[in-house]
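Chemist: Shown below is the structure under consideration.
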Amino acid sequence: MNLRGLFQDFNPSKFLIYACLLLFSVLLALRLDGIIQWSYWAVFAPIWLWKLMVIVGASVGTGVWARNPQYRRRNVCGV
């Protein structure tokens, strides 16, 4: 296995989504089987973490876009 290629193709956003979904699925299955007695608030926490990260990312992107008008300028004819 080529580790260099693995890290070059690494997508942090997909990793976050898949990790949160996997953790949620495991916690929900354990809760429904009665193995853990955690509240549903704790079971659904990975989904909320994922959504929180989406909101934080959108907020940061909007803030950068608003504070840097030079990023919105069109580059017409290389000028």
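Chemist: Considering only 45, 7, 65, whose Cα is most displaced toward the positive end of the charge dipole of the chain, charges sitting on Cβ of Lys, Arg (+1) and Asp, Glu (-1)?
Modeler: 65
Chemist: Quick one: net charge of residue 24's neighbours, Cβ under 12 Å, K/R +1, D/E -1?
Modeler: Overall, the nearby charge balance is +2.
Chemist: Can I ask one more? All other residues with a Cβ under 14 Å from the Cβ of residue 59 taken together, and with Lys, Arg as +1 and Asp, Glu as -1, what is their net charge?
Modeler: +2
Chemist: To continue, here is another question. To the nearest 20 debye, what is the magnitude of the charge dipole of the chain about its Cα centre, counting +1 on the Cβ of each Lys and Arg and -1 on the Cβ of each Asp and Glu?
Modeler: In total the dipole reaches around 520 debye.
Chemist: Looking at the square roots a ≥ b ≥ c of the eigenvalues of the Cα gyration tensor of region 12-71, which shape do they give, rounded for a/c under 1.5, prolate if a/b is larger than b/c, or oblate?
Modeler: It comes out prolate by the Cα gyration axes.
Readers should treat all values here as calculations from the given coordinates under stated rules, not as data from a laboratory. Note that this is a predicted model, so its numbers are computed, not measured. Reconstructed Cβ throughout: ideal geometry from the backbone, glycine too, with neighbour counts over all protein chains shown.
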